[in-house]
Structure formats: C-alpha cells, structure tokens
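The next block holds one structure in the form of structure tokens; read it before the comments.
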Amino acid sequence: MSLWKRHSYIAYLAVFVGVLGHASTEFFATLSGIGGPELSVWRFLMGSLGLVGIAILFPASRNLIEPLRAHWGRLILLSLLGVTLGYLLFHWSLDFATVPQVATLVTAIPIFVGVINLLINQQKLTTAKIASGICALLGISLLITDGYMAKLAGSADSLVGVMLALGCAAAVAAYSVLVKPLIAQYGALRITALTMAIGSVGLWLVVGLFFDIWVSPARLGGLSTDALVALLVIALWNTTITQFLWIGGLAAVPDITRGSYLFFLKPVIAALLAVLILKQTLTGTQLFAIFVITSSVAMEVLIPKIKDKLAKKRTRAATPSLP
C-alpha cells in the first residue's frame, strides 16, 4: 500500500486490473449454473479463505486480531453492507435480469461513489468529473442499445433484476468510501480479508435463513466439472484477487471518485470478452461507443496531470526573468 501511495499510477493500475476481474464475473457466474444467492455464498466463502491465506503469508498483514479488537463493530457493519448485502443483490439480480443489464447497471458504482464521497467527505464533484461521467454513460448506452451485448442475454427484461443491480451498486459504492480510513490505517490486505470473511458468514446465514439454502461441501459433489471450474475461477480470480486490487487500489489513489471512474470500462471489457469468446464482430456504432467511454475515462485520469503542466507553464510565464 505504501508503494501504491508513493506511485499513484500503480494504484490506478491495480484498480484497472480489479475492473478486469469484475468485467468477467457475469460470464463465469452464468457458466456455473448455480442460483444467485447460493453462488454468492460459495464465491465469498472460498474467496475470503484465499484472502485470509494471503494475509497470513505476509508479516505486515498477519495480525488480523488487531483491527478486529479496535473496530469490530465498524468492521461488521461494513462487511454486512459491502459484502453480505452488496453481493447478495448482485448475484440475485442475475436470476432476474440479463447479463448485459446487470453488467451495465452496476457500472453506476462510480456515480454512487462520487455522490457518497461528496456527502461524507465533502469532496466536490468537479465539472470535469460530471462531464466525463456523462460521456461515459452515453457511450455505455450506445454500446448496449446497439444490440451487440443483447446477444449475451438469456432472459427478458425484469424490473426486479434492475432494482437489485442498482442496490448492489449503491451498497458497494458506500462500502468503498467508508472503508478507506481503515485501509489507510491497517492496509488493504488485512481489511479486505476481514470484511470478506465476516461478510461471507453473513451471506451464509442470510441465504440459509431466508432462502432455505444451507451451503455445505456436500453440494459440490452434485456439480459438473465445468461448474466446479467456473466456481473456482469466480472464487480465486473474481473475488480473492479482484477484490484486493479493486478495494486496495481505490483506497490508495489520490482521488477515490476519479479512480472509481475506471469502472466505466467494465461494459467495454465485457464486450471485448464477448468478441473473443463468442467470435463476434463489432459494428461502427459499437466501436464509436468504446472510443467515447475509453476517452472519457482516460481524460478523467489525465486531467490532473494536464492541469499541473498548464499551471507550471503559467507560473513560468508570470515569473519575471532576471536581467
């Protein structure tokens, strides 16, 4: 984390790789063939075990008791919000809405991050942030309405799925903003591992009590090989690695709202994955949409550097030269 803070581009790169993991989650979730609520339990039980294992390997993050002793109540609430609630809604939404619907709607996370960060930390939404966000959303709309991503869909539109996906976006965004101070104090690996582990227990209880699905190892015996492989990929890649890079990267970037804007690339990556997996081609409209989205995200990330260079030029120009 200290390296990420000293070199902000590393933190932004970590967030981007985390977005790559998020972009492929819907694919593997569909391939697993497991119902949404149950899949969320498997994903985070296995994924959190991976994170705890990684944390124990490093001396700096090995002491998981210290943050628990000092902030146990806060950690439990954040875990229930960002993991138990957020990802229950995410996987549950896939039972109602289509893959492209969910992939698009959770892309609203950066918008929620900006608003919540404004309310909690009074970090204003600048004109540049608003403009780039609008451009990205317009590009995403073009990408979806052109019909390309709809080829991935397997069910009709559903208002229930849409609302669940939006609820997921709001919960995950709130968690990302609220967890940042704890990550700054104890490190991304420790806090991510703890919140994931606590949240996974919460998921297990909620799904068992309200859906009457008590996840146990015996269930794995009835799954196909493809389903097991998909489940392992979701647990290790889409959860253990992705969550650490996404949450840790957002906590380390100088501007969490700007860093979260990389999430706008999610549907673009999903579309490109569809090209590679489904061997389909992109239309002119789709290529233009991808250009708009990537350009808006690139400008949002590059704006601070451009402003710094212009400010330095103005300072040099205003400084009188010595005779």
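The values are calculated or read from the model by the stated rules, or taken from the named source; none is laboratory data. Everything numeric here is computed off the predicted structure, so don't read it as measured data. Here Cβ is always computed from backbone atoms with ideal geometry, including for glycine, and neighbour counts include all displayed protein chains.
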**Message:** Looking at 139, 161, can you tell me which residue is modelled with pLDDT under 80, within 30 Å of residue 80 (Cα to Cα), crowded, with 22+ Cβ neighbours inside 10 Å and not hydrophobic (A, V, I, L, M, F, W, C)?
**Reply:** 161
**Prompt:** From the set of residues in the stretch 121-136 that are assigned to a helix (DSSP H, G or I) and among the polar types (S, T, N, Q), which is modelled with the highest pLDDT?
**Reply:** 121
**Listing of helices (runs of 4 or more DSSP H) fully contained in the stretch 44-120 that carry 3 or more residues being free of Cβ contacts under 8 Å to residues at least 24 places away in the same chain and not small (Gly, Ala, Ser)** = 65-79
**Asked** Among the residues of the stretch 100-120, which ones are farther than 17 Å from residue 89 by Cβ and either surrounded by 20 or more Cβ atoms within 10 Å (Cβ to Cβ) or at pLDDT below 70 (or both)?
**Response** 100, 110, 114, 117
**Prompt:** Are there any pairs, at least 6 apart or on different chains, whose C-beta atoms fall under 6 Å, with the first in the stretch 215-227 and under 11 Å from residue 31 (Cβ atoms) and the second not in a loop (DSSP other than H, G, I, E, B), and if so, which?
**Reply:** 227/32
**Request:** Test residue 225 against the stated conditions and say whether it is under 22 Å from residue 50 (Cβ atoms), at pLDDT 75 or above and out of contact with any helix residue (DSSP H, G or I) (no Cβ under 8 Å at 6 or more places or on another chain).
**Result:** yes
